[in-house]
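Comments concern the structure below.
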Amino acid sequence: MISVILLSFNRPNLLQKALASCADAKEVFIMDDGSDYDVVTVARAVRADVNVYAGRARVPTEHVHDMNF
C-alpha cells in the first residue's frame, strides 16, 4: 500500500500535476497552509478520494479536516 502526503500553498497547477502522478497510491493527503483558492475543488478534479487538511482554511469547511499549525 502506498500513501502520499502532498504539501500545498497557492500552487493549483502544480498540485494537479502532483496528484496526477499519484495514480497508483492507495490514499493521498494534502496538507494546505491556507491557499487563496478552493483546494478541495482543484484536487478532486484530479482525484475524487483525496483528503485535505488545512491550517487556515479558505475552502468549504465541510470538506476539510482542520489542523492547528
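The values are calculated or read from the model by the stated rules, or taken from the named source; none is laboratory data. Remember, predicted model here, so these are calculated numbers, not experimental data. Note that we place each Cβ from the backbone using ideal geometry, even for glycine, and neighbour counts take in every protein chain shown. These accessible areas exclude ligands, DNA and RNA; they are computed on the full protein's heavy atoms, side chains included. Shrake-Rupley method; radii C 1.70, N 1.55, O 1.52, S 1.80 Å.
Of note:
- Every residue from the range 1-17 that is over 10 Å from the mean Cα position of the chain (by Cα) and either part of a helix (DSSP H, G or I) or basic (Lys, Arg) (or both): Arg11, Asn13, Leu14, Lys17
- Conditions (1) open to solvent by 30 Å² or more (accessible area, probe 1.4 Å); (2) in a loop (DSSP other than H, G, I, E, B); (3) at pLDDT 95 or above: number failed by Ala25: (1)
- In the range 9-22, the residues that are more than 14 Å from Thr41 (Cα to Cα) and surrounded by 15 or more Cβ atoms within 10 Å (Cβ to Cβ): Ala18, Cys22
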